[in-house]
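First up is the structure itself, then whatever we jot down about it.
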Amino acid sequence: MVEPTDELVLRDAQLRDHPDPVHILVRGGRFARIGPEADTAAARSLDLAGRLVIPPLVDAHMHLDSALTLDPRHPNRSGTLWEGIDVWAARKATLTGREVHANAREVLRWMVAHGTLHVRCHVDVSTPGLDALRALLDLREEVRGVCDVQLVAFPQDGLYGDGLAQGADRVARVREAMALGCDVVGGIPHYERTPELGQAHVHTLFEVAEDFDADIDMHCDETDDPDSRYAELVARETVARGRQ
C-alpha cells in the first residue's frame, strides 16, 4: 500500500456544499486548507478539473477471507445461500493463510482505488488454528493509515451444531479470536438446528461481547423461515443489557 504523501494540492475540486471549485491542501494525510487558493509549493498537485470530492465510502459488511476463492470446478449449482455455505466450507479447508492474505490485499487495493477506505470484515473463525484470521490481522496492520479495517469474529458454522455440551470449543475459538485482536463479535443464530440453540447462541455471544467490551454485528434472520425471530431477540438483549 502507498503511504499518504507529506503534502498534496487537489486543484479545482468540487464540494457538495460549495458552489465554486476549490483547492484542497493535504498535509500529512490530513486536510490543511480548503479555499480558492492553496500552497503552490506542495511537492505534488493533482488537477481534478471540477470533479466531485466526497468523504470516503464505507463497506459495512465484507468477507475478505473468502474473496477471490471461488473454484469453478465446484460451483454453487442451486444458487442458494445454504449451498454457498457448503461450498465455502469445502474451499476453506484447502486455503492457506498466505492465500487469504494475498487475495484480501488485492480486493482491498480495488476498494481503495474506488474510494472505499473503511471496511468491516466478517472473518470465519470456525476452523481451529484461525489461519485466515491471523492473515487478516497482519493485513489490517499493513494497510493501517490507508484503509481502516475492522475484523468481526464470525462463527460461520454456528456454535451448537452438536448440542450445548459440544459448543465449548467453538465458543472458545470466538474468545480466542477476540483475544487475538478482532474488533467486533459476530454471530449467525439461525444456523443452529433448533430455536433453543439459536437463543443460546445469541446469549453466549452477548456475554463474549461484554467480556471484551466489544460491539456486536450478527448475521440475523438470513433465512426464508418466517418463524425466525432472532432480530427481535437481539434487540431485546441489547436493551436488557443497556448496550443500545
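Using a probe radius of 1.4 angstrom, the carbon and sulfur fraction of the accessible surface of segment 155-244 is 43%. Think of the chain as having a plus end and a minus end, set by charges on the Cβ of Lys, Arg, Asp and Glu; of A153, T94, G187, T94 sits farthest toward the positive end of this dipole.
Among 152-161, 115-124, 9-18, 213-222, sorting by the average number of other beta carbon atoms lying within 10 angstrom of each residue, highest first, gives 152-161, 115-124, 213-222, 9-18. At a probe radius of 1.4 angstrom, the accessible area of segment 142-244 per residue rounds to 49 square angstrom.
Computed from point charges on the beta carbon alone (+1 for Lys and Arg, -1 for Asp and Glu), the dipole magnitude for the chain about its Cα centre is near 560 Debye.
The values are calculated or read from the model by the stated rules, or taken from the named source; none is laboratory data. None of these values were measured; they are calculated from a predicted model. With ideal geometry, Cβ positions are generated from the backbone for all residues, glycine too; neighbour counts draw on all protein chains shown. Surface accessibility is based on the protein's heavy atoms, side chains included, excluding ligands, DNA and RNA. Shrake-Rupley method; radii C 1.70, N 1.55, O 1.52, S 1.80 Å.
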